[in-house]
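**Student:** Got a structure for you, written out below as structure tokens; questions coming shortly.
The values are calculated or read from the model by the stated rules, or taken from the named source; none is laboratory data. Remember, predicted model here, so these are calculated numbers, not experimental data. Note that each Cβ is placed from the backbone with ideal geometry, even for glycine, and that neighbours are counted across all protein chains shown. These area figures cover heavy atoms from the full protein model, side chains too; ligands, DNA and RNA do not enter into them. Shrake-Rupley method; radii C 1.70, N 1.55, O 1.52, S 1.80 Å.
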Amino acid sequence: MIFSRITGTGGYLPDRVLTNKDLETMIDTTEQWIESRTGIRERRIAADDEFTVDLAERSALKAVEAAAIEPRAIDLIVVATTTADQVFPSTACLLQQRLGGEGYPAFDVQAVCAGFLFALGVADKFVRTGAARCALVVGAETFSRIIDWTDRRTCVLFGDGAGAVILQAGDRPGVMSTHLHSDGRYKDLLYVPVGVSRNFSKVRAGTAYTTMEGGEVFRWAVTAMSDIIDETVQANGLGKDDIDWLIPHQANIRIINAVGARAKIDPDKVVVTVSRHGNTSAASVPLALDQAVRDGRVQAGHRVLLEGFGGGFAWGSALITM
């Protein structure tokens, strides 16, 4: 039987730091209010000449290095992003060209903040069926470009970044299971109301911004993310005590704490990185995983539960043995 296993992780954050103190000069808020409500102290903002594929490439090269492979070993790229550089070709195709690849499949997945889990689920199926041997899975966002920086409800939350993993075929279980869900009935609670086919005049007017009903999203996110923890451990015949680390979507600290409390997860087992980069959408889970690997918390043999929740609504999880 073929399994897929994470053999390398990588992360990248743009150089520009936007602190809560900086936001005090832009909107009616205080740094104390932002941190108390969100747990965020700063977020990173891509430079004007820095694009999603640039962030994706930098995180990908770090994951390639960590996996001790050459880019030519990659035979599948799946990029999760809501902020693609172009309508087409996909960010994954742009990344493939940067890495010197050709011929093998490279495509994007769009599930907003749950996007990395969806991309990982797709890549895992490719590897398990023998259709790929070495997959690059990336979550990358320049989310700051779809944020209204005069809207206090959203602008304090989001930032830019990218995270990546190398997923390779092996004879030992790595990705134990993935669980993916969507419910379009709640599309009006978290969305950007424009696209190519709809309301495109707003793109030209520079008003293509994220809209969110914060209270409703909070309640839904806590319920969905805590319930999927139960779904994931039960599917694998495990208990919550068998999980070494929970790495949730880094949306804000109140959601993370509420999920942990509702699911009865020891807070010492929850990886939290939101303070240093804010909500980076599809990048947040792989960024947090990479940080926990590099600082020594997540080690070989650990069972790690990844989970994300985003617009759609879309939510998902993956149970990984490192």
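**Student:** Quick one: would you say Ala66 is surrounded by fewer than 24 Cβ atoms within 10 Å (Cβ to Cβ) and in contact with a Gly (Cβ under 6 Å, 6 or more places away or on another chain)?
**Tutor:** On the way: surrounded by fewer than 24 Cβ atoms within 10 Å (Cβ to Cβ): yes; in contact with a Gly (Cβ under 6 Å, 6 or more places away or on another chain): yes.
Against the criterion (surrounded by fewer than 24 Cβ atoms within 10 Å (Cβ to Cβ) and in contact with a Gly (Cβ under 6 Å, 6 or more places away or on another chain)), Ala66 qualifies.
**Student:** Quick one: Asp188 ticks every box in (1) part of a helix (DSSP H, G or I); (2) in contact with a helix residue (DSSP H, G or I) (Cβ under 9 Å, 6 or more places away or on another chain) bar one, so which box is it?
**Tutor:** Every listed condition holds for Asp188 apart from (2).
**Student:** Okay, next question. With the requirement that a residue be under 24 Å from Glu65 (Cβ atoms) and either touching a residue at least 60 places away in the same chain (Cβ under 8 Å) or touching a His at 6+ places or on another chain (Cβ under 6 Å) (or both), what does region 81-116 give you?
**Tutor:** If the condition is that a residue be under 24 Å from Glu65 (Cβ atoms) and either touching a residue at least 60 places away in the same chain (Cβ under 8 Å) or touching a His at 6+ places or on another chain (Cβ under 6 Å) (or both), then Thr81, Gly115, Phe116 are the ones that fit.
Residues are listed down the side, and each one gets a yes or a no for (1) surrounded by fewer than 24 Cβ atoms within 10 Å (Cβ to Cβ); (2) of a type in the set (Gly, Ala, Ser):
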| residue | (1), (2) |
| --- | --- |
| Ile243 | yes, no |
| Arg254 | yes, no |
| Ala258 | yes, yes |
| Val270 | yes, no |
| Thr273 | yes, no |
| Val285 | no, no |
| Gln291 | yes, no |
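**Student:** I need a count of the residues in region 1-21 that are open to solvent by less than 40 Å² (accessible area, probe 1.4 Å) and under 30 Å from Val127 (Cβ atoms).
**Tutor:** 10
**Student:** Please find, within region 128-173, the residue that is least open to solvent (accessible area, probe 1.4 Å) out of those that are of a type in the set (D, E, K, R) and in a helix (DSSP H, G or I). Before the answer, list the steps.
**Tutor:** As a first pass, look at region 128-173 and keep what is of a type in the set (D, E, K, R): 128, 133, 141, 145, 148, 151-153, 160, 171-172.
In the following step, the residues that additionally are in a helix (DSSP H, G or I) were identified as 128, 145, 152-153.
On the way: Arg128: 76, Arg145: 96, Arg152: 99, Arg153: 156 Å².
Among them, the one singled out is Arg128.
**Student:** In addition: Tally time: how many residues in region 214-236 are open to solvent by less than 10 Å² (accessible area, probe 1.4 Å) and either free of Cβ contacts under 8 Å to residues at least 12 places away in the same chain or among the hydroxyl-bearing types (Ser, Thr, Tyr) (or both)?
**Tutor:** Within region 214-236, residues that are open to solvent by less than 10 Å² (accessible area, probe 1.4 Å) and either free of Cβ contacts under 8 Å to residues at least 12 places away in the same chain or among the hydroxyl-bearing types (Ser, Thr, Tyr) (or both) number 2.
**Student:** Something else: Quick one: which of Ala66, Ala73, Ala46 is over 21 Å from Ser275 (Cβ atoms) and under 21 Å from the mean Cα position of the chain (by Cα)? Please lay out each step first, then the result.
**Tutor:** Working: Ala73 fails: under 21 Å from the mean Cα position of the chain (by Cα); Ala46 fails: over 21 Å from Ser275 (Cβ atoms).
Residue meeting the stated conditions: Ala66.
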